[in-house]
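Asker: Here you go, one structure.
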Amino acid sequence: MDVGLFNEMGKEFRRLFPDERINKILTIEASGIGVACIAAQYFHVPVVFAKKSQSINLDGEQYATRIESFTHKRVYDVIVAKKYLGKDDHVLIIDDFLANGCAAAGLIDLVHSAGATVEGVGIAIEKGFQEGGALLRSKGVRVESLAIVESMDAGTGEITFRA
């Protein structure tokens with residue numbers, strides 16, 4: 001992991017969400033955790049990560065949702081212990097990639113299940129040629145992506161970023 005890059009990303013997420021009453025950052029295991037933890041330093045808040053499977057260290061009541069992974073082509077039962085999310089929380093969701101929007105939508109569902117407020121979604125790289133970002137924005141979700149890939153050519157390897 002490039003911690004220096006994560007540090008700059010964390011600063012930028014703080015700049016993009018300067019006035020929101022964020023008191024918690026939520027991400028999903030595993031690849032979103034690094035960026036979320038570094039960003040949390042700039043917000044001075046804890047990080048909660050949703051697990052993709054039940055584990056022995058998740059006891060008690062839980063919020064659960066199902067998320068279809070575009071990357072792994074499977075459906076995960078995603079869970080967060082209720083003791084980590086509550087009705088007074090103002091949550092910033094941070095993840096590494098946004099493709100079809102299922103992961104972000106699932107995390108939003110978990111936040112709403114807790115009666116908490118989603119203050120926004122911060123994404124490292126959005127695949128702008130897929131519908132996830134547009135779908136979330138059309139539902140009134142504030143989505144801030146640090147980079148948006150407009151197109152990718154598998155044949156040439158060329159990547160075009162949105163200006």
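Every read-out reported here was derived from the displayed coordinates using simple, explicitly stated rules and does not represent laboratory data. Just so it is clear, the model here is predicted, and its values are computed rather than measured. Don't worry about glycine lacking a Cβ; one is built from the backbone with ideal geometry, like all the others, and counts go over all protein chains shown.
Asker: What percentages make up the Cα-Cα pair-distance distribution of the stretch 109-155 when the bins are 10 Å wide from 0?
Answerer: Whole-percent P(r) values from 0 Å outward: 24, 45, 22, 7, 1.
Asker: Separate question: Subtract the Cα-Cα distance of E131 and L146 from 0.36 nm times their separation in residues, and report this length gain in nm to one decimal.
Answerer: 3.7 nm is the gain from fully extending E131 to L146.
Asker: What value in Å³ per residue do you get for the convex hull of the alpha-carbon atoms in the stretch 3-161?
Answerer: Spelled out: Cα convex hull of the stretch 3-161, divided by residues, is 117 Å³.
Asker: In straight Cα distance, which aspartates and glutamates are under 16 Å from K11, not counting same-chain residues fewer than 8 positions off?
Answerer: D2, D19, E20, D95, D96, E144
Asker: Assuming R0 = 30 Å, what is the FRET efficiency of E12 and E61, from their Cβ-Cβ distance, to the nearest 0.05?
Answerer: Working from the Cβ atoms, E equals 0.25.
Asker: In addition: Expressed as an acute angle from 0 to 90° and rounded to the nearest 10, what is the orientation of the C-alpha long axis of helix 3-16 relative to the principal long axis of the chain?
Answerer: On a 0 to 90 degree scale, this one is about 80.
Asker: Next question, about the same structure. Efficiency by 1/(1 + (r/R0)^6): what FRET value for Y42 and K73, r their Cβ-Cβ distance, R0 = 41 Å, to the nearest 0.05?
Answerer: Between Y42 and K73 the formula returns 0.75.
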